[in-house]
Every structure is written in C-alpha cells, then in structure tokens.
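To start, the structure itself, in structure tokens.
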Amino acid sequence: QVQLVESGGGLVHVGGSLRLSCAASGSGFSFYAMGWYRQAPGKQRELVALITSGGHTNYADSVKGRFTISRDNAKNTVYLQMNSLNVEDTAVYYCNAERGSYRSWGQGTQVTVSS
C-alpha cells in the first residue's frame, strides 16, 4: 500500500505556471501507475494525466501541450508541471496510485487560476 501527499497548489494568474508534487510513502512505488485527477466545483472528478510504471504517459485533451507528468522513482514522487494555466484549470487536484484492483488517493491540493 501507498499513502499519497500532494503539494504545490496555490493561486496563479492566467498564463502562469505551477508544479504539483505527490510524495508517496510505502513500498513498491515504481510498480504503480500514477495519475493526476481534478475536480472543479459542481463537476465530476476527471483524469488529467497518467504515467505508467513503464513511463508511458497519457493526457486529457484539454491539457495536452500544456501539462507534463513525470515521476522520480528514487524519490517516490510524481510531478505535474502545469503551464499556460487558464481559469478552466481551477480545481482541486488529486494524486492517485493504481496497481491491479488497488487504488489510493491523496487528500488533494487546490489550484486557483485568476483572471
């Protein structure tokens, strides 16, 4: 099992950048697929980006070309670099670890993009 703690959220102006981090504790981090999800007020939680244990990545269409997911297995950490932020990116961002039927979620970090 892994426990996840997100950090790096905050308030940024349109066009700005943020880097989110998700630190994992527990064993076997490198074997997990790691994802970033977000949930805006009144909306369902949606997948933003995913990175597999092998390093393959997948992105929501709305963030392609702007966001980059990466992982550092030596530090048990996954990152989400977010550039060219717009107001539609405002949400609580959650880190997720997945392996087989097992899933673990972090507590979330708020990202607010102001105009």
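The values are calculated or read from the model by the stated rules, or taken from the named source; none is laboratory data. What you see is a predicted model, and the numbers here were worked out from it, not measured in a lab. Note that each Cβ is placed from the backbone with ideal geometry, even for glycine, and that neighbours are counted across all protein chains shown. The protein model used for the area step is the full one, side chains on, heavy atoms only, and it has no ligands, DNA or RNA in it. Shrake-Rupley method; radii C 1.70, N 1.55, O 1.52, S 1.80 Å.
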Inset, instruction - Output the qualifying pairs, or none if there are none: Cβ atoms under 9 angstrom, residues six or more apart or on different chains, first residue in the stretch 39-56 and more than 19 Å from Met82 (Cβ to Cβ), second residue modelled with pLDDT of 95 or more and open to solvent by 80 Å² or more (accessible area, probe 1.4 Å). - result: Thr52/Asn58; Ser53/Phe31; Ser53/Arg99
Legend entry - Members of the stretch 45-96 that are touching a helix residue (DSSP H, G or I) at 6+ places or on another chain (Cβ under 6 Å) and on the phi < 0 side of the Ramachandran plot: Ser53, Asn73
Inset, instruction - State which residue is nearest to Val111 (Cα to Cα) when the search covers only the stretch 17-32 and only residues that are open to solvent by less than 20 Å² (accessible area, probe 1.4 Å) and over 10 Å from the mean Cα position of the chain (by Cα). - result: Ala24
Inset, instruction - Mind checking which strands (runs of 3 or more DSSP E) fall wholly inside the stretch 74-115 and carry at least 3 residues that are open to solvent by 30 Å² or more (accessible area, probe 1.4 Å)? - result: 91-99, 102-105, 109-114
Legend entry - Only listed residue being open to solvent by less than 70 Å² (accessible area, probe 1.4 Å) and assigned to a loop (DSSP other than H, G, I, E, B), chosen from Gly65, Gly55, Gly35, Gly42: Gly55
Inset, instruction - List every residue pair whose Cβ atoms sit under 9 Å apart, with the two residues 6 or more apart in sequence or on different chains, where the first one lies in the stretch 69-83 and is without any contact (Cβ under 8 Å) to a residue 24 or more places away in the chain and over 10 Å from Ser30 (Cα atoms) and the second, anywhere, is assigned to a strand (DSSP E or B) and open to solvent by less than 20 Å² (accessible area, probe 1.4 Å). - result: Ser70/Ile51; Ser70/Val78; Ser70/Leu80
